[in-house]
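Remarks on the structure that follows.
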Amino acid sequence: MKNVTYRVIGGTRRTDYVILTVSIFFILLGLFAAYQMEHHGHVITGMSNQIVWGMPHIFAIFMILAASGVLNVASISSVFRRTFYHPHARLSVLLAITLLIGGLSVLVLDLGRPDRLVVAMTSYNLKSIFAWNMFLYNGFILVCVIYLWFMMERRMQRYYPAVGFVAFIWRLVLTTGTGSIFGFLVAREAYNTAIMAPLFIALSLSLGLAVFLLVLIMQFRSLGEGVLHRPKILLGMFVGTVFCFVLVYHLTHLYFTGRHGVEYFILGGGGGIYTVLFWGGYIFLGTILPLLLLYHERFSRNRASVVVASMLTIVGGFALLYVIIIGGQAYPLDIFPGMEVTSSGFFDEVARHTYTPSRWEMMLGMSGIAISALLTLLALKILPFVPHSSADFEVDPEFLE
């Protein structure tokens, strides 16, 4: 790889003004939604005692997974010594930090009592996976800041691979912890499986790379087709890996007779919108179409196909998270297996619990994405995170083969 020089995104591009205006608008909407939810309570949302994790949590987990996955570009460069990805390692770490901050902002504002956040930060139940994640999320930001510092400071670059290895291990543990939130829940039949951890790791890789490719294409008009080739192929591999884990997840549930009910609920049409989102949103839009756009020779050489495939990967991942998290709660609890519940105050006799996202939840979730976009834009305007050029002639020919 030739010597890489980095630059600050200068000038007054119209795109920057649009991103700035839209981000501030959605952040204000999110703050207003958080105020309404704090003042009136969660009764104004679609969440209930049966479905306690709603749309804000989908946005938050999506951004946390994307933050972990987008760091993979820097990890490939420093840990696996693939210098092809080195010019974009700084942008990768920056996106990891801003995406995680945006996701955590949604969680904090959805607490209902964000003023008591200090209690969650100082009182820990170390038997709870949620307490572990407090250390993992904050530690991830700290490790990424140090990683970025060593990457940009010439005197510290000899320690750069070691810190990159720590960041790589940390992001794997972080994503494992996020998946284990659901894998450790025994009461919910759709959860309670060890496959959740590797499934979330694979999903983070596909979502993170899809987000990275979209940002990269937006920033570089002269982005070479050769430079896009390797990440494009890698994205297809990640999409296929996620599908493999999803297949194993459902086959495992189908193997146990006691979980046939929840599988019919998700796959067989009993879940209504959840079945539609799984087959139409995840399988068709989020898996089949991206693989077709990335690998079919008729589309694979078109940059627009990479953009559409990345967007569809994000849509499919979002749909999968919605099905797993909300669909898993919508299926009624089987508190007394093998027995029929004739009367209950917890609505166990219903076929499924209903949930409709409210506008407050959507506003709060979108504000998290807006926070990430605003922080990324400001950082690119202040510090040199991107190379001067990503055209093919800037990359040694051996890396384009």
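Throughout, read-outs are computed from the coordinates displayed, never taken from laboratory work. In this text, all values refer to a predicted model and were calculated from it rather than measured experimentally. Note: ideal-geometry Cβ built from the backbone for every residue, glycine included; neighbour counts use all protein chains shown.
Across the chain, Cα-Cα pairs farther apart than 32 Å form 36% of the total. Panel order for S77, S204, by other beta carbons found within 10 Å of each beta carbon, from fewest to most: S77, S204.
The stretch between N192 and Y264 holds 24.2 nm of extra length on full extension. This uses 0.36 nm per residue minus the Cα-Cα distance.
The reciprocal of the average 1/r between distinct C-alpha atoms defines the Kirkwood hydrodynamic radius, which for the stretch 1-132 equals 17.9 Å.
All C-alpha pair distances within the stretch 259-332, sorted into 10 Å bins from zero, spread as 22, 41, 22, 13, 2 percent across the bins.
Its residue count N sets the reference 2.2 N^0.38 Å, and the alpha-carbon radius of gyration of the stretch 1-70 equals 1.70 times that reference. Taking S23, S310, S68 as the candidate residues, the one with maximal mean-square fluctuation in a Gaussian network model of the chain, Cα springs under 10 Å, is S23. For the stretch 125-283, the Cα-based Rg and Dmax, in that order, read 19.4, 60 Å. When the Gaussian network model of the chain links Cα atoms closer than 10 Å, the mean-square fluctuations of Y255, Y85, Y191 top out at Y255. With the convex hull of the Cα atoms taken as the outline of the stretch 84-214, the averaged projected area works out to 9.9 nm². Sorted from longest to shortest, the spans of the Cα atoms of the stretch 217-341 along the three principal axes equal 64, 24, 20 Å. Spin-label model, T15 to I169: label points 7 Å out along the Cα-to-beta-carbon direction sit 3.8 nm apart. Summarising the label geometry, the points placed 7 Å from Cα in the beta-carbon direction at S48 and I335 lie 1.5 nm from one another. Each 10 Å bin from zero holds the following percent of Cα-Cα pairs in the stretch 177-250: 19, 38, 24, 15, 5, 0. Of Y17, Y322, how do they rank once you tally other Cβ atoms within 10 Å and put the fewest first? In order of increasing Cβ crowding within 10 Å: Y17, Y322. The gain in end-to-end length when the V248 to V119 segment is fully stretched comes to 42.5 nm, 0.36 nm per residue minus the alpha carbon separation.
Spacing of the modelled spin labels on W279 and M311, each 7 Å from Cα toward Cβ, amounts to 2.6 nm.
Note on L111 and F80: the extension gain reaches 7.2 nm, defined as 0.36 nm multiplied by sequence separation minus the Cα-Cα distance.
Projecting the Cα atoms of W132, P87, L109 onto the charge dipole of the stretch 56-171, computed from C-beta unit charges around the Cα centre, puts P87 farthest toward the positive end. The three principal axes of the C-alpha atoms in the stretch 124-168 carry coordinate ranges of 41, 14, 11 Å, sorted with the longest axis first. Each of T15, S372, L207 was placed along the dipole of the chain (beta-carbon charges, centred on the mean Cα), and the one lying farthest toward the positive end is T15. Would you mind getting me the FRET efficiency between N302 and L28? Use the beta-carbon distance for r and R0 = 60 Å, nearest 0.05. Efficiency computed from Cβ-Cβ geometry: 0.95.
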